[in-house]
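A quick write-up on the structure given underneath.
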Amino acid sequence: ATTLGAAAAGSGRYFGTAVASGRLGDATYSTILDREFTMVTPENEMKWDAVEPSRGSFNFAPGDSIVSHASAHGQKMRGHTLVWHSQLPNWVSSIGDATTLRSVMNNHITQEMSHYKGRIYAWDVVNEAFADGGSGQHRSSVFQNVLGNGFIEEAFRTARTVDPAAKLCYNDYNIENWSDAKTQGVYSMVKDFKSRGVPIDCVGFQSHFGTGGPPASFQTTLSNFAALGVDVQITELDIAQASATAYGNTVKACLNVARCTGITAWGIRDSDSWRTGENPLLFDNSGNKKPAYSAALTALGGG
Ligand code: G3I
């Protein structure tokens, strides 16, 4: 296989990328997108501020443009994201009443998932709900502060009723190192959800790595989560300076875990990345393949 998508398919996996709707008209960008990638995550277009900027007023047009492009090119979609403390409009973050916020959250999930029903392989139902640092607890957010610990479970239960065919994922960053308190906090939540029958199908490890790439325990982390009975995915991969070794090690960690079902890079060219100046992606500013690309392709079994 000579592309990331085809090489990943050799072991039943996908290789995806974040896509910005505003770049789809860039021929260099869309040529690489359609040649290499088999899964697409909208970089911003399905977030709350984009989709429901004021209460009950929904705008799906930017997200729809990505879904149509993906559909026309045989790419699957990851929905990103339904419940997140960031890129959240003020009208939501200022709600102080639990009955109102519960209804607003469930309505947002219901409207957005219904709109895209049947067209999304997996949803990031809740994104980044755990705190950084040593607490292992949920972070402060309007959802946590007004609804309490149960908001995550409620979001997943609502999501399952709306689109029972979609895989429902929890997605977070800095949960790649096994011994970190944040990793352990998420692991305990998933274990608890599985033991009580709360619907969760997958955990996304964002994998925004520094120059050294993944922590030594990354494969252990993926495999320990998978052993709870969920799929695991690398969902937002980028690595400062993108060394070939770091990319190769990341891909190998996934390939070594049967339930690691796919890898998504957080953008195509370095110039498309949110990490300005870090050159963290697989293609340079001109769209040429970087050494990290070859390392990833080889690790996937292609070349
Ligand atoms: O759309 C406005 C535009 O109208 C305005 O002129 C411009 C001026 O700054 O801003 C535009 O919005 C920006 C948006 O991206 C779309 O380009 C925001 O400022 C900017 O903050 C936003 O950044 C996104 C970031 O999430 C926001 O938290 C990045 O593109 C996106 O890559 C990043 O992705 C997140 C994942 O969703 C979750 N995990 C972490 C990851 C990296 O932060």
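The values are calculated or read from the model by the stated rules, or taken from the named source; none is laboratory data. Keep in mind the model is a prediction, meaning the values are calculated, not measured. Glycine gets a Cβ as well: all are built from the backbone with ideal geometry, and neighbour counts include every protein chain shown. To get the accessible areas, we keep the full protein, side chains included, count just its heavy atoms, and leave off ligands, DNA and RNA. Shrake-Rupley method; radii C 1.70, N 1.55, O 1.52, S 1.80 Å.
When THR99 is tested against (1) out of contact with any strand residue (DSSP E or B) (no Cβ under 8 Å at 6 or more places or on another chain); (2) surrounded by 16 or more Cβ atoms within 10 Å (Cβ to Cβ), just one condition goes unmet, and that condition is (2).
Which one is most open to solvent (accessible area, probe 1.4 Å) among residues in region 124-155 that are part of a loop (DSSP other than H, G, I, E, B) and either within 16 Å of the ligand (Cβ to nearest atom) or touching a Ser or Thr at 6+ places or on another chain (Cβ under 6 Å) (or both)? Residue satisfying both the conditions and the ranking: ASP132. The residues in region 61-83 that are out of contact with any Asp or Glu (no Cβ under 6 Å at 6 or more places or on another chain) and either open to solvent by 30 Å² or more (accessible area, probe 1.4 Å) or acidic (Asp, Glu) (or both) can be counted, and the count is 9. The number of residues in region 288-300 being in a loop (DSSP other than H, G, I, E, B) and crowded, with 16+ Cβ neighbours inside 10 Å comes to 2. Taking the conditions (1) assigned to a loop (DSSP other than H, G, I, E, B); (2) open to solvent by 10 Å² or more (accessible area, probe 1.4 Å); (3) touching a residue at least 12 places away in the same chain (Cβ under 8 Å); (4) farther than 22 Å from ALA9 by Cα in turn, PRO280 satisfies each one other than (2). Taken together, VAL40, VAL51, VAL67 contain a single residue that is under 15 Å from the mean Cα position of the chain (by Cα), on the phi < 0 side of the Ramachandran plot, β-branched (Val, Ile, Thr) and at pLDDT 95 or above, which is VAL40. Of a type in the set (S, T, N, Q), within 16 Å of the ligand (Cβ to nearest atom) and under 25 Å from PRO42 (Cα atoms), is that true of SER207? The answer is yes for SER207.
Per-residue answers, yes or no, for (1) open to solvent by less than 10 Å² (accessible area, probe 1.4 Å); (2) within 16 Å of the ligand (Cβ to nearest atom); (3) out of contact with any Gly (no Cβ under 8 Å at 6 or more places or on another chain):
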residue	(1), (2), (3)
ASP172	yes, yes, no
SER223	no, no, yes
ASP231	no, no, yes
ILE234	yes, yes, no
ALA246	yes, no, no
GLY262	yes, no, no
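Just the residues that are more than 21 Å from the chain's Cα centre (by Cα) and surrounded by fewer than 17 Cβ atoms within 10 Å (Cβ to Cβ), please, taken from region 2-27. Across region 2-27, the qualifying residues are THR2, GLY10, GLY25, ASP26, ALA27. Among the residues of region 111-123, the one identified as open to solvent by 20 Å² or more (accessible area, probe 1.4 Å) and within 18 Å of LEU88 (Cβ to Cβ) is GLN111. The residues of region 159-170 that are of a type in the set (Gly, Ala, Ser) and buried (at least 17 other Cβ atoms within 10 Å of the Cβ), listed by number, are ALA159, ALA166.
Selection within region 187-203: residues that are crowded, with 23+ Cβ neighbours inside 10 Å and outside any loop (DSSP other than H, G, I, E, B). The member of this set that is farthest from the ligand (Cβ to nearest atom) is CYS202.
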